[in-house]
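**Student:** Quick one: the structure is below, and I'll ask about it shortly.
The values are calculated or read from the model by the stated rules, or taken from the named source; none is laboratory data. Quick caveat, the model's predicted, so the values are computed rather than measured. No Cβ is skipped: glycine too gets one built from the backbone with ideal geometry, and neighbour counts run over all protein chains shown.
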Amino acid sequence: MNDNIMIQVDDLKKHYLDGKVKALDGVSVSIYKGDVVAIIGPSGSGKSTLLRSLNLLEEPTDGHIYFEGVDITDKKVNINVHRQKMGMVFQQFNLFPHMTVLKNMTLAPVKLLKISETQAKERAMKLLERVGLADRAGAYPAQLSGGQKQRVAIMRALCMQPTVMLFDEPTSALDPEMVGEVLDVMKELALGGMTMAVVTHEMGFAREVANRVIFMENGKIVEEGSPSEIFDHPKSERLQSFLAKVL
Amino acid sequence: MKPKDRKKKLLIEAGVIALIVVVFAVVVLVDTFKFKNTYSLKADEAQEILSQTLALIPKKQSKTANGIVDRTHFTVKSVEAGETREQILHCEYETVDVLGLYNQYKNEWFADAYAYYYSETNQSMVNSAKVRQYMDEQLLAKLDEAETKSGSIDIHVYELQNKPEGDAYVISHAGTLFRIYLSNDALNGVFGGMVTVSDDIKNTKTIDYNGQSVDIEKKNTIRTGLADCFGLNNFSSAKPDASPYFVSLWNDFCDDFYLNFIKGAKWTYLAKGLITTLEITLLSALLGVLLGFICAIIRVTHDKTGKMMIPDQIVRVYLSIIRGTPVMIQLLIIYFVILLPAGVAKFPSAVICFALNSGAYVAEIVRGGIMSVDNGQIEAGRSLGLNYIQTMYHIVVPQAFKAVLPSLANEFITLLKESSVAFYIGVADLTQGGLKIRSITYSNFMPLIAVAVIYFIIVMILTKLVKILERRLRKDER
């Protein structure tokens with residue numbers, strides 16, 4: 001296997017209701033180190049399911065996922081260890097409402113990476129400073145705006161120092177004026193060389209930041225390529241009509 | 001709530017209390033006015049009432065008593081109307097000194113009586129009634145020897161609204177009913193000290209019989225004194241309460257209160273019971289919450305992941321049994337069927353029962369709480385690499401706990417009240433304390449109401465605390 005491959009997805013299937021609903025219908029894709037992969041497509045196309053399958057939040061019905069060379073769909077693999085290296089950002093932020101921003105960020109590193117509380121706090125404060133939220137460290141999630149919440153959620157994932165970041169429609173739940181601040185953080189992350197998989201409706205972001213774009217429909221990858229191939233020279237009719245609607 | 005609304009609510013509450021106080025005051029005032037003494041006795045009327053009373057006193061009991069009454073003369077010196085419906089008669093009296101006469105002859109009479117019955121029956125058991133009858137006859141025969149003595153007393157005379165049934169000392173005069181009250185001191189003076197001689201004879205233990213002294217064993221002593229002979233013990237010395245209705249109600253209440261709580265320190269039954277109740281409630285609530293959380297987590301884990309099949313089934317059976325049977329039966333079964341044979345004491349048995357009982361209800365409450373925590377929270381925790389238990393412990397349970405805290409507090413309140421069935425296995429809790437007082441004093445009102453009031457106050461305090469807690473939880477994180 002190629003050493004540069006971060007995640008290798010092999011004929012992944014996710015069926016509901018005894019196969020009547022096929023959320024993923026044989027998806028194969030490779031994500032290389034430093035890749036920024038944007039996954040686009042109409043709703044119900046399976047793009048979120050694919051993303052959530054990558055760290056096994058969705059258990060696939062069939063197929064294999066190799067993360068850093070390990071088949072994490074194997075029942076014997078301790079998925080928790082691998083999830084530590086896969087940061088995930090959710091549409092609804094999913095910050096822990098009963099903890100301060102700082103505590104949100106330091107909980108997992110202290111419990112899992114066996115670093116001291118002080119070290120974790122230092123690391124968290126550095127990250128917060130990077131996104132200009134250091135003064136909000138003691139605040140509770142309910143006291144933050146949507147954009148601030150999502151930035152904290154990204155920093156919480158980064159605090160674990162993951163090798164890949166998964167974004168599940170990170171800007172969909174935000175007010176339009178707050179989308180920019182979140183995308184800026186993601187852009188900076190991408191420029192820093194982070195491997196990212198982003199399910200998004202922000203075509204501008206996909207075009208500008210991603211180096212690869214995947215278009216999905218009905219649980220299948222319809223088209224895959226560089227942003228210019230996908231956005232400027234779409235081959236399939238379905239992609240053409242999709243882009244006509246969203247652009 | 002806005003501060004303005006709070007102020008308004010407080011004002012209304014104060015208004016309601018003020019209204020109750022005013023109504024009560026008006027009722028008491030009207031009552032007092034209504035029963036104010038309006039009838040003034042004249043001296044000759046008072047004299048007549050007294051002689052009527054004297055005529056009523058001893059008739060059926062003894063001839064001697066009649067002799068004494070015949071020799072007793074009252075002169076009413078003055079009449080004074082009391083504050084309420086009471087008239088106080090200041091009387092001069094002249095009577096015979098029966099006590100002196102009695103003391104002079106008692107040993108002689110008693111020896112005679114004893115000797116008579118001893119010779120008749122050859123037993124040292126004496127028939128006290130017959131001895132008294134004999135002594136009564138002797139006293140009557142000597143009555144003329146008694147010295148005359150005089151003194152003055154106050155006699156209380158009450159106007160009555162209605163004639164109480166079977167009361168011998170109620171006189172009708174000029175269309176008004178009167179009740180005469182003689183204190184023990186008054187009785188004693190007028191009737192020659194006959195009240196104080198009661199129990200006198202039991203001190204006589206050795207008498208001379210045919211030249212030899214004979215010990216009368218204690219059991220053969222005559223326990224009742226002469227006052228019995230003359231029927232004076234039937235004379236009510238209980239001062240009737242002539243106060244207005246509400247005042248006498250209050251007095252009755254105070255008496256009842258004294259009888260049920262103060263006398264013999266009976267309040268300690270309630271105090272100790274309350275402590276036991278609180279101990280049972282607190283201990284079983286703590287155990288119950290622990291048990292409830294464990295059960296809830298097992299159930300949720302099974303629902304969400306399909307794991308823990310067998311524990312889940314066990315928990316389900318436990319929940320349906322506890323929720324499907326009355327707590328009292330559970331208590332009786334746990335104590336008498338299971339724990340008593342195993343040698344477990346009552347108190348721990350009660351704690352175990354209530355812990356098991358509340359655990360089942362807490363489990364359902366907590367399960368609801370955990371289910372109400374957004375699934376995204378679990379996903380966020382798991383995506384960071386935390387395992388299921390860590391996610392539950394650090395993320396889900398704290399949030400669920402906050403969400404269900406008010407319900408848990410209510411469960412605690414329910415438990416406090418339910419713990420009252422502990423008396424079925426003889427745990428001396430608050431309820432048991434009340435019932436114990438009830439069985440001693442035979443009053444229902446005071447002990448039962450007291451128990452209810454104590455439960456109520458504790459529940460009110462807890463409810464208030466829960467409200468404060470809820471408010472603080474809502475303030476958090478905002």
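**Student:** Looking only at the range A:159-216, which residues are assigned to a strand (DSSP E or B) and more than 19 Å from residue A:83 (Cα to Cα)? Show your work before the answer.
**Tutor:** Looking only at the range A:159-216, we keep the residues that are assigned to a strand (DSSP E or B), and these are A:164-168, A:195-199, A:212-216.
Answer for the range A:159-216, where residues must be assigned to a strand (DSSP E or B) and more than 19 Å from residue A:83 (Cα to Cα): A:212, A:213, A:214, A:215, A:216.
**Student:** Within the range A:4-40, which residues are without any contact (Cβ under 8 Å) to a residue 60 or more places away in the chain and in a loop (DSSP other than H, G, I, E, B)?
**Tutor:** Scanning the range A:4-40 gives A:4, A:17, A:18, A:19, A:20.
**Student:** Surrounded by fewer than 18 Cβ atoms within 10 Å (Cβ to Cβ), at pLDDT 70 or above and touching a Ser or Thr at 6+ places or on another chain (Cβ under 8 Å): is that true of residue B:149 in this structure?
**Tutor:** yes
**Student:** Scan the range A:80-137 residue by residue and report those that are within 19 Å of residue B:397 (Cα to Cα) and of a type in the set (D, E, K, R).
**Tutor:** A:103, A:111
**Student:** Can you name the residue in the range B:359-383 that is of a type in the set (Ser, Thr, Tyr) and out of contact with any Asp or Glu (no Cβ under 6 Å at 6 or more places or on another chain) and is also farthest from residue B:293 (Cα to Cα) among such residues?
**Tutor:** Here the residue is B:383.
**Student:** What helices (runs of 4 or more DSSP H) lie completely within the range B:253-341 and have 1 or more residues being farther than 30 Å from residue B:436 by Cα?
**Tutor:** Counting at least 1 such residues, we get B:267-305, B:309-324.
**Student:** Follow-up question, since we're still on this one. Could you list all residues from the range B:437-478 that are of a type outside the set (Lys, Arg), in a helix (DSSP H, G or I) and without any contact (Cβ under 8 Å) to a residue 24 or more places away in the chain?
**Tutor:** Hits for the range B:437-478 are B:439, B:448, B:449, B:452, B:453, B:456, B:457, B:460, B:461, B:468.
**Student:** Sticking with this one: Among (1) aliphatic (A, V, I, L, M); (2) more than 14 Å from chain B (Cβ to nearest Cβ); (3) within 28 Å of residue A:67 (Cβ to Cβ), where does residue A:108 come up short?
**Tutor:** Result: residue A:108 fails condition (2) only.
**Student:** Under 7 Å by Cβ, and 6 or more places apart or on different chains, what pairs join a residue from the range A:46-63 that is touching a residue at least 12 places away in the same chain (Cβ under 8 Å) with one that is of a type in the set (Ser, Thr, Tyr) and part of a helix (DSSP H, G or I)?
**Tutor:** A:55/B:383; A:57/B:383; A:58/A:49; A:60/A:53
**Student:** Against the definition (modelled with pLDDT of 90 or more, more than 12 Å from chain B (Cβ to nearest Cβ) and assigned to a loop (DSSP other than H, G, I, E, B)), how does residue A:60 come out, yes or no?
**Tutor:** Values: modelled with pLDDT of 90 or more: yes; more than 12 Å from chain B (Cβ to nearest Cβ): yes; assigned to a loop (DSSP other than H, G, I, E, B): yes.
Yes, satisfied.
**Student:** Can I ask one more? Looking only at the range A:103-132, count how many residues are in a loop (DSSP other than H, G, I, E, B) and touching a residue at least 40 places away in the same chain (Cβ under 8 Å).
**Tutor:** 2
**Student:** Can you name the condition, by its number, that residue B:298 falls short on among (1) free of Cβ contacts under 8 Å to residues at least 24 places away in the same chain; (2) in contact with a Ser or Thr (Cβ under 7 Å, 6 or more places away or on another chain); (3) not small (Gly, Ala, Ser)?
**Tutor:** Of (1) free of Cβ contacts under 8 Å to residues at least 24 places away in the same chain; (2) in contact with a Ser or Thr (Cβ under 7 Å, 6 or more places away or on another chain); (3) not small (Gly, Ala, Ser), only one is false for residue B:298: (2).
**Student:** Given (1) surrounded by 15 or more Cβ atoms within 10 Å (Cβ to Cβ); (2) within 11 Å of chain B (Cβ to nearest Cβ), identify the lone condition not met by residue A:81.
**Tutor:** (1)
**Student:** Among what's in the range A:84-102 and is in a strand (DSSP E or B) and within 8 Å of another protein chain (Cβ to nearest Cβ), pick the residue that is nearest to residue B:374 (Cα to Cα).
**Tutor:** Per the criteria, the residue is A:88.
**Student:** While we're on this one: Looking at the range B:435-478 only, could you name the residues that are on the phi < 0 side of the Ramachandran plot and of a type in the set (D, E, K, R)?
**Tutor:** Within the range B:435-478, B:436, B:438, B:464, B:467, B:470, B:471, B:472, B:474, B:475, B:476, B:478 qualify.
**Student:** Of the residues that sit in the range A:133-186 and are within 13 Å of another protein chain (Cβ to nearest Cβ), free of Cβ contacts under 8 Å to residues at least 60 places away in the same chain and of a type in the set (A, V, I, L, M), which one is nearest to residue A:53 (Cα to Cα)?
**Tutor:** If we take residues in the range A:133-186 being within 13 Å of another protein chain (Cβ to nearest Cβ), free of Cβ contacts under 8 Å to residues at least 60 places away in the same chain and of a type in the set (A, V, I, L, M), then A:155 is nearest to residue A:53 (Cα to Cα).
**Student:** Moving to a separate point now. So which of B:348, B:398, B:341 is at the interface with chain A (Cβ under 10 Å from one of its Cβ atoms) and either without any contact (Cβ under 8 Å) to a residue 24 or more places away in the chain or of a type in the set (Asp, Glu) (or both)?
**Tutor:** Details: B:348 fails: at the interface with chain A (Cβ under 10 Å from one of its Cβ atoms); B:341 fails: at the interface with chain A (Cβ under 10 Å from one of its Cβ atoms).
Just one listed residue meets the conditions, B:398.
**Student:** Residue pairs, Cβ under 7 Å, 6 or more apart or interchain, first in the range B:377-393 and in contact (Cβ under 8 Å) with a residue 12 or more places away in the chain and under 19 Å from residue B:367 (Cβ atoms), second in a helix (DSSP H, G or I) and basic (Lys, Arg). List them.
**Tutor:** Pairs found: B:391/B:382.
**Student:** Looking at the range A:108-128 only, could you name the residues that are farther than 22 Å from residue B:392 by Cα and among the acidic types (Asp, Glu)?
**Tutor:** Across the range A:108-128, the qualifying residue is only A:122.
**Student:** Spot the failing condition for residue B:76; the list is (1) within 44 Å of the chain's Cα centre (by Cα); (2) more than 21 Å from residue B:188 (Cα to Cα); (3) at pLDDT 75 or above, and only one is missed.
**Tutor:** Status for residue B:76: all satisfied but (2).
**Student:** Would you be able to say whether some residue in the range A:36-53 is away from every other protein chain (no Cβ under 14 Å) and over 20 Å from residue A:220 (Cα atoms)?
**Tutor:** So far as the range A:36-53 goes, no, none of its residues is away from every other protein chain (no Cβ under 14 Å) and over 20 Å from residue A:220 (Cα atoms).
**Student:** Looking at the range B:380-389, can you tell me whether even one residue there is away from chain A (no Cβ under 14 Å) and on the phi < 0 side of the Ramachandran plot?
**Tutor:** No, there is no match, as no residue in the range B:380-389 is away from chain A (no Cβ under 14 Å) and on the phi < 0 side of the Ramachandran plot.
**Student:** Here is a further query. Are any of the residues in the range B:360-375 more than 30 Å from residue A:87 (Cβ to Cβ), under 33 Å from the mean Cα position of the chain (by Cα) and not hydroxyl-bearing (Ser, Thr, Tyr)?
**Tutor:** Quick first cut of the range B:360-375, residues more than 30 Å from residue A:87 (Cβ to Cβ) only: B:360-368.
Right, trim to under 33 Å from the mean Cα position of the chain (by Cα) and you get none.
Looking for residues that are more than 30 Å from residue A:87 (Cβ to Cβ), under 33 Å from the mean Cα position of the chain (by Cα) and not hydroxyl-bearing (Ser, Thr, Tyr), one finds none in the range B:360-375, hence no.
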